[in-house]
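Peer 1: Here it is, the structure in full.
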Amino acid sequence: MCTIVDARIHALLADLEFLASTTLPSLYTPRLGLTSAHASSTALDELSTSEADDLLEATEPLLVALNQLLIRPGGSLPSIKTLESTLRTYLIHSSDAKHAKSGKEEIRTYFRSGELDDEDPWDGYEDSSSDVSKQVEWLIVAAGAVVLYGHLLDALLNQTLPLSEDIFYWDNVLSGPSGLVVYSIQTAPFRFVSLAQDIFTDARERLTTQRPSLSDWITTLRASVHRHRISMRRLSVLTRAVAPTAVFKRAMSPLSTVYKDVQTKQQQLRQLRDAQAAALGLLVGESLHFRHDTDWRRTVERVVDVMQAIVSGVSESAGQVENFEAKVFSVSSAPRSRRPPYLVAQKILAMTSDTLPAQSNSLAAIVRRAGKPSALTRYWPICVCTLAFSGTLGQILFNRRASIAQWLADASTTALDFWNNWVVEPAKNIISTIRHDDSAQVAIVGRKSLQADMQSLERMVVDFAVDNTDSGLSPGEIEAVRAEVREGDVSAVLRVYEKELKAPLKNAVRGELIRTLLIQMQKTKVDVEVAITGIDRLLKSQELVFGVVAALPSSIACYFAVGWVRRLYSGNGMKSRDRKATVVRTLGNVERMLTVRSGEGEWLSYRDEGLVLCEVHVLRNSADVIPRELRADWARDLGDVEDIKLGVHRQRDTVERIWRVYGRFF
């Protein structure tokens, strides 16, 4: 049940409880669990204890019946079985029902009360407002009317939603020749049996002899088959001639009968859905209310008459929505006199036990005839093909069992190696980097290579400086030379190198030229190692980034692969796409109805109002496409869409806001 309907039912029963607390004496409030803040003060409250106990004992069965039909806070609507048993209990203890002399004729007359009879046997009937038992009886009837009202709304809503799904199925069938071909294959056995029955019936009607022979049967059957072939050919030619898309019809002329059959079924479902939606809109728009300052008893009678007119006429009014609404309006506005409450209760009981089941059976028969085919009809070609080719397929698989086993082994090995080498190992490296594991760190040069080369260069330069100084070097001068070398300054070697270059050949043999060149080569080696060490430190500072980047592609691939397998196994992926498509299509339908009606007036028609309620119910059931933190706002906006009191323009603005806010999710 949609939110606005559920809220209306609870509001009506809350008003009914308030009416009971203000109508009945205060001594009844504890028995009904009502608040005594608004209890009425009557002369009955001044009765003695024994008289009050006698009064309560006399009306105890009626109070129990009323208590069963009232909804407590947080409770659910009483079931139809509870309503029937409660009304039967009430009729057993009703004084008027006990003394009715011709109850069947009375109820039959009351059932025709909406037809404006000239004579009314209950004209002038009035019940005393001071009779407490009559007040309780009317409250029972009012509560029963509310319960029936809620179940009728729920039934119409649940019956209309599958009709939209079946209509959408026929739209898919009519979307192209492929859908018609598939449907014709699915229904071929049934159409063949139907055609054979028609031919056999036609042949049997044309046989004139009392005891026809076999040759007479064969001749008559051939003539019937020929007549059916000619009629089908004429129908195909007529369809191609009058079709607006003649090329398309000509291309699919063999499927013209199937096309017409599908169109007829779809039209029947559309008419039935419009009638159901109009009935739902009429019930929602019906002003059922309980006010102490109005004649609420006559309102109960009127609403019961309207519900009977809706239930009895909704199945027969397919394609005639305007006539159906006019009939309901005539029943609602017809003048009526007050009748005893037990007659209204009998009418409600008759609706729950006879009219509602008959309406449901009639609707089910129409849906079986024009609705979506059964699962057996849709899937029998696949089952037959599977059984037909299962032997060949099994033989092929058996002959290639070795190749299949090898392929499965290779696939499992590849998947395992991918997991270990591209997911597990990069993850281990990332963890080692986070923990500063020396064995897992990236290094271009050895940790002590630069230190050893630097110390060797220092010794070379110090020895060279000592050898080329006459007086030698003090320890302090030697440390200064070492410090200069560590800073990259080898001026002591370069000055001698510049002098030696003046006589390169001579100094190459007898001088220090070769020695200075070798020292500079060591210096170059040290400079290269210093540069590489800087690059090494840069790489180590970004080692975690490199590890994450290395593991990211494989992790993403595994994530999507696991998600795809999970959705494929559970079917949620296809369901999610279907739900999103359903939301888009449903919102489009609601916006189209509101846009078309916005130019015709401020309010929707009863048919469109019922369709909007059904579409909003579908949107509410598809709330899982919306993030969890936004579902409360989604429900609030849908409540604004189905609230007819806002008017067409504000409802359309709400739909536009839904597209703006939630459109990215579907």
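Peer 1: May I ask you to list the residues in the range 358-397 that are β-branched (Val, Ile, Thr) and under 14 Å from TYR169 (Cβ atoms)? Steps first, answer last, please.
Peer 2: Within the range 358-397, the subset β-branched (Val, Ile, Thr) is 366-367, 377, 382, 384, 386, 392, 396.
Answer for the range 358-397, where residues must be β-branched (Val, Ile, Thr) and under 14 Å from TYR169 (Cβ atoms): VAL367, THR377.
Peer 1: Applying the selection to the range 476-512, what residues are open to solvent by 40 Å² or more (accessible area, probe 1.4 Å), assigned to a loop (DSSP other than H, G, I, E, B) and hydrophobic (A, V, I, L, M, F, W, C)?
Peer 2: Across the range 476-512, the qualifying residue is only LEU501.
Peer 1: For the range 504-528, name all the residues that are at pLDDT 85 or above and farther than 15 Å from ASP467 by Cα.
Peer 2: Passing the criteria: LEU517, LEU518, GLN520, MET521, GLN522, LYS523, THR524, LYS525, VAL526, ASP527, VAL528.
Peer 1: Here's another thing I want to ask about it. Can we say ASN420 is modelled with pLDDT of 85 or more, part of a helix (DSSP H, G or I), closer than 30 Å to VAL146 by Cβ and of a type in the set (S, T, N, Q)? Walk me through it before giving the result.
Peer 2: Working: modelled with pLDDT of 85 or more: yes; part of a helix (DSSP H, G or I): yes; closer than 30 Å to VAL146 by Cβ: no; of a type in the set (S, T, N, Q): yes.
No.
Peer 1: Turning to a different aspect of this structure: On the given criteria, is HIS617 under 14 Å from the mean Cα position of the chain (by Cα) and not polar (S, T, N, Q)?
Peer 2: On the way: under 14 Å from the mean Cα position of the chain (by Cα): yes; not polar (S, T, N, Q): yes.
When the stated conditions are applied, HIS617 passes them.
Peer 1: Another question, if that's okay. Take ARG338 and decide whether it is under 30 Å from HIS93 (Cα atoms) and in a loop (DSSP other than H, G, I, E, B). Reasoning before the result, please.
Peer 2: On the way: under 30 Å from HIS93 (Cα atoms): yes; in a loop (DSSP other than H, G, I, E, B): yes.
Here the answer is yes, as ARG338 does meet what is asked.
Peer 1: Against the definition (surrounded by 12 or more Cβ atoms within 10 Å (Cβ to Cβ) and hydroxyl-bearing (Ser, Thr, Tyr)), how does SER554 come out, yes or no? Explain how you work it out, then say what you get.
Peer 2: Details: surrounded by 12 or more Cβ atoms within 10 Å (Cβ to Cβ): yes; hydroxyl-bearing (Ser, Thr, Tyr): yes.
Considered against the rule, which asks whether it is surrounded by 12 or more Cβ atoms within 10 Å (Cβ to Cβ) and hydroxyl-bearing (Ser, Thr, Tyr), SER554 comes out as yes.
Peer 1: Still on this structure, I have one more. Pick from the range 424-473 the residues that are among the hydroxyl-bearing types (Ser, Thr, Tyr), under 26 Å from ILE532 (Cβ atoms) and at pLDDT 70 or above: which of them is most open to solvent (accessible area, probe 1.4 Å)?
Peer 2: Residues of the range 424-473 that are among the hydroxyl-bearing types (Ser, Thr, Tyr), as a first pass: 432-433, 439, 449, 456, 469, 471.
After this cut, where a residue has to be under 26 Å from ILE532 (Cβ atoms) as well, the list is 432-433, 439, 449, 456.
Next, only the ones that are at pLDDT 70 or above stay: 432-433, 449, 456.
Values: SER432: 26, THR433: 29, SER449: 48, SER456: 28 Å².
Result: SER449.
Here's the yes/no breakdown for (1) surrounded by fewer than 22 Cβ atoms within 10 Å (Cβ to Cβ); (2) under 27 Å from ALA279 (Cα atoms); (3) at pLDDT below 55:
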site	(1), (2), (3)
ARG72	yes, no, no
SER76	yes, yes, no
LYS81	yes, yes, no
LEU87	no, yes, no
TYR125	yes, no, yes
GLN135	no, no, no
LEU139	no, yes, no
ALA142	no, yes, no
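Peer 1: Further question: What are the residue pairs meeting all of these: first residue in the range 471-497, first residue polar (S, T, N, Q), second residue open to solvent by 40 Å² or more (accessible area, probe 1.4 Å), Cβ atoms under 9 Å, and 6 or more apart or on different chains?
Peer 2: From residues that are polar (S, T, N, Q), the pairs are SER491/GLU484.
Peer 1: Could you list, in sequence order, the residues of the range 361-383 that are open to solvent by 50 Å² or more (accessible area, probe 1.4 Å) and either hydrophobic (A, V, I, L, M, F, W, C) or under 20 Å from VAL306 (Cβ atoms) (or both)?
Peer 2: ALA375, LEU376, TRP380, ILE382, CYS383
The values are calculated or read from the model by the stated rules, or taken from the named source; none is laboratory data. Remember, predicted model here, so these are calculated numbers, not experimental data. Because the Cβ atoms are built from the backbone with ideal geometry, glycine has one as well, and the counts that use them run over all protein chains shown. Calculation scope for accessible area: heavy atoms of the full protein, side chains included, ligands and nucleic acids excluded. Shrake-Rupley method; radii C 1.70, N 1.55, O 1.52, S 1.80 Å.
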